[in-house]
Amino acid sequence: MTKPANQSGDSAEDVKNSTLYKIRHSLAHVMAQAVCDMRPGSTRGFGPPVDNGFYYDFVLSEPLTPEDFKEIEKRMKRILKLGQVFEHEDLAIPDALKTLEDLGEAFKVAYAKELAEKNNYETLSFYKNGPFVDMCEGPHVEKTSKIPAGCFKIRSLAGAYWRGDEKNQMMTRVYAWAYETKDELDEEVRRWTEAQKRDHKKLGQSLDLFTIDPVVGKGLPLWLPKGTAIRDELEKLAQEEEFRGGYQRVATPHVTRDELYYQSGHLPYYADVMYPPMVVEETVDSDGGEQEQAVKETYRLKPMNCPHHHRIFAARKRSYRDLPLRLAEYGQVYRFEEHGALSGLLRVRGMCMNDAHIYCTEKDIESEFLEVMNLHDRYFKLLGIKDYSMRLSLWDPDDPKGKEKYVDDSAAWASTEDLVRRAMQKSGMDFTEVKGEAAFYGPKIDIQLRTVTGREETFSTNQLDFAIPRADRMNLVYTGADGADHHPYIIHRAPLGTHERFVAYLIEHFGGAFPTWLAPVQVRIIPIGEKFNDYAYKLETELRNALVRVEVDGSDDKVNRKIRNGATSKVPILLIVGEREQSDSTVTLRRYGEKDQPTMAFDQFKTELHAEISARTMRRQPGL
Ligand SMILES: [Zn+2]
Ligand SMILES: [Zn+2]
């Protein structure tokens with residue numbers, strides 16, 4: 001039996017036999033040959049094809065830098081021209097080991113031994129092209145000249161442990177792109193380059209938006225003043241929209257007794273994503289306060305806001321006249337995400353959620369749900385978000401584990417799914433239906449956004465809940481028109497998701513060049529010489545009094561330098577002021593990404609700016 005040795009090995013047969021797969025696989029050999037020629041004495045690890053090309057791992061005799069990429073490519077092209085034939089050979093295990101030892105490939109010797117022992121192989125598969133020999137299962141192109149020469153490019157270097165284990169030696173991984181046509185390669189290179197520039201972690205650093213401080217803790221971002229300005233603007237937007245939509249704002253604590261989560265059903269099931277409990281001793285006054293008693297209480301950091309809002313609902317007697325009751329909060333929650341999953345603002349342990357719960361009767365569900373979808377639509381239009389998809393997640397009556405996964409009430413599932421489906425149809429938004437993805441308490445809409453860098457994320461959900469208010473859970477009731485008690489339905493919604501994830505998305509969406517209303521610094525005033533500083537500071541005061549986020553570049557830099565710095569910081573509006581502007585009470589405008597430099601009366605500018613900010617106008621469409 002012969003077994004793969006040089007790749008992940010789990011790709012489907014047809015993928016492996018595709019031309020592109022063969023090209024990428026063959027190029028990995030070609031690159032390894034070129035690198036080992038450039039760095040004699042290097043040893044090799046694995047070198048498989050991947051999604052957009054291939055990589056190869058090396059322990060290099062002398063390091064490589066990106067400056068070497070051109071040389072590697074040149075040598076690879078030379079090898080392609082040589083038309084080296086890929087020759088296959090199955091070697092008996094002793095011969096295989098001897099071949100690898102003679103090549104000095106210690107990693108491959110170890111791996112070959114392991115493969116042979118584990119699987120009782122008698123032979124191992126090898127390929128030879130020109131002077132280059134590798135243990136590999138193929139397939140490859142027939143000869144190197146069959147590989148299109150202009151369709152690959154070395155991408156980057158990274159550190160990688162042998163076999164992905166941090167106890168093992170660190171190797172250098174050389175990544176490369178490879179496609180069948182140059183157009184595909186160019187498109188991928190362009191997309192990747194842009195994605196690198198837009199990476200929210202990079203821009204978050206260079207634009208001074210947030211920082212993650214190991215002293216504070218993993219996954220607990222600190223929002224710097226400029227990042228906080230963006231959060232505040234989003235929150236203001238949500239507050240205004242929600243105010244107009246009849247929501248009422250509430251505020252709830254970050255720590256809470258365990259008891260609440262047992263009532264809501266989050267404990268014990270949700271325990272693994274919650275921070276561990278805090279046990280405190282509390283003194284309780286018994287009757288009349290004469291005897292004091294010490295009791296232990298268990299508290300947790302809040303992982304979601306729902307149960308708190310439900311307790312607010314329960315805190316007063318509610319009548320059908322109070323419904324729909326819409327309680328909103330940008331609520332801070334904590335979830336103990338696995339350390340390996342944490343990434344910038346995208347995966348964090350502390351997050352602030354655009355949360356609200358709508359308590360309503362059955363007859364209001366459709367219109368309330370529709371209004372939430374309309375709210376999503378308004379946000380998406382406002383922010384120029386076009387690449388999204390909606391999924392209606394339904395229960396699965398045929399799931400053998402359905403009784404544990406979902407509340408067991410087929411009539412309620414049928415009627416609520418129907419209501420949500422009708423609301424979606426009325427919204428006019430495209431959606432697909434997926435069985436078996438519902439929440440345990442009801443059907444929901446999941447909204448997926450695709451980032452400019454091609455990553456797909458669930459950013460928000462809109463959920464209908466018929467189960468939590470019932471007597472066996474939180475027992476929420478209102479008095480109906482009939483004078484009897486009824487359980488309301490709840491809509492859980494968070495159209496802007498969490499600040500953390502949404503700001504990460506927006507940073508990449510706008511490439512850091514936010515529209516004026518959202519920009520951390522909206523206007524920067526640039527005096528063209530020190531004599532005009534006073535005029536600049538006077539304008540700054542006027543704009544600040546008009547609640548504009550404004551600053552003056554009072555540095556000694558030359559004016560062109562100041563303008564360049566303004567562009568690097570992606571400030572939407574630069575106001576350039578000099579002799580003429582000062583004497584005429586005017587300003588000269590330079591907008592980010594625009595060529596025109598109109599001069600206008602400062603008062604007129606102020607009026608226009610106010611209109612632009614309050615209408616949340618977007619002058620430039622985001623996107624690549
Ligand atoms: Zn191969
Ligand atoms: Zn909720």
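The values are calculated or read from the model by the stated rules, or taken from the named source; none is laboratory data. Predicted model only: the values in this text are computed from it and were never measured. Every residue, glycine among them, receives a Cβ derived from its backbone with ideal geometry; neighbour counts consider all protein chains shown.
Sort through D387, D399, D409 and tell me the only one that's surrounded by fewer than 21 Cβ atoms within 10 Å (Cβ to Cβ), closer than 30 Å to R450 by Cβ, more than 28 Å from the chain's Cα centre (by Cα) and not basic (K, R).
The conditions single out D399.
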- Does V571 satisfy the criteria of being in the same structural domain as A439 (by TED's automatic domain parsing), crowded, with 23+ Cβ neighbours inside 10 Å and either out of contact with any Ser or Thr (no Cβ under 8 Å at 6 or more places or on another chain) or without any contact (Cβ under 8 Å) to a residue 60 or more places away in the chain (or both)? no
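Away from ligand 2 (no atom under 16 Å from the Cβ) and under 41 Å from the mean Cα position of the chain (by Cα): does that describe A149?
For A149, the condition - away from ligand 2 (no atom under 16 Å from the Cβ) and under 41 Å from the mean Cα position of the chain (by Cα) - is met.
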- Message: Quick check on this structure: which one of R561, R616, R544, R549 is within 23 Å of E240 (Cβ to Cβ) and without any contact (Cβ under 8 Å) to a residue 12 or more places away in the chain?
- Response: R544
- Message: I'd like to verify a number: residues in region 247-264 that are surrounded by 12 or more Cβ atoms within 10 Å (Cβ to Cβ) and in contact with a helix residue (DSSP H, G or I) (Cβ under 9 Å, 6 or more places away or on another chain), how many?
- Response: 10
- Query: Of all residues in region 32-72, which are of a type in the set (K, R) and assigned to a helix (DSSP H, G or I)?
  - Reply: K70
- Selected residue (only one of F502, F431, F459 is crowded, with 21+ Cβ neighbours inside 10 Å, at pLDDT 90 or above, under 22 Å from the mean Cα position of the chain (by Cα) and assigned by TED's automatic domain parsing to the domain that holds L370): F502
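Here is a check on your reading of the model: is E404 part of a helix (DSSP H, G or I), over 18 Å from the mean Cα position of the chain (by Cα), in the same structural domain as D232 (by TED's automatic domain parsing) and under 28 Å from P622 (Cα atoms)?
no
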- Contact list, first residue from region 457-477 and within 19 Å of T416 (Cα to Cα), second anywhere and surrounded by 22 or more Cβ atoms within 10 Å (Cβ to Cβ) and among the small types (G, A, S), beta-carbon distance below 6 Å, six or more apart or interchain, is L464/G442; D465/G442; F466/G442
- Query: Restricting attention to region 522-562, which residues are among the polar types (S, T, N, Q) and within 16 Å of T588 (Cα to Cα)?
  - Reply: Q522, N533, N560
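Matching residues to (1) within 16 Å of ligand 2 (Cβ to nearest atom); (2) of a type in the set (V, I, T); (3) modelled with pLDDT of 95 or more:
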site: A5; (1), (2), (3): no, no, no
site: S8; (1), (2), (3): no, no, no
site: A12; (1), (2), (3): no, no, no
site: I23; (1), (2), (3): no, yes, yes
site: S26; (1), (2), (3): no, no, yes
site: H29; (1), (2), (3): no, no, yes
site: Q33; (1), (2), (3): no, no, yes
site: C36; (1), (2), (3): no, no, yes
site: R39; (1), (2), (3): no, no, yes
- Query: Does L80 fit the bill of being away from ligand 2 (no atom under 16 Å from the Cβ), closer than 22 Å to R163 by Cα, modelled with pLDDT of 95 or more and in a helix (DSSP H, G or I)?
  - Reply: no
- Only one of A195, A116, A158, A176 is under 20 Å from Y21 (Cβ atoms) and outside any loop (DSSP other than H, G, I, E, B); which? A176
- Item | Pair list, Cβ under 7 Å, 6 or more apart: region 370-384 residue over 11 Å from P495 (Cα atoms), other residue not in a helix (DSSP H, G or I) and not β-branched (V, I, T) | E371/G245; L382/R616; G384/M618; G384/Q621; G384/P622
- Query: With respect to T252, is the statement that it is in contact (Cβ under 8 Å) with a residue 60 or more places away in the chain, touching a His at 6+ places or on another chain (Cβ under 8 Å) and within 16 Å of ligand 2 (Cβ to nearest atom) true?
  - Reply: yes
- Note on the structure: Across (1) touching a residue at least 60 places away in the same chain (Cβ under 8 Å); (2) part of a loop (DSSP other than H, G, I, E, B), D90 clears everything bar (2)
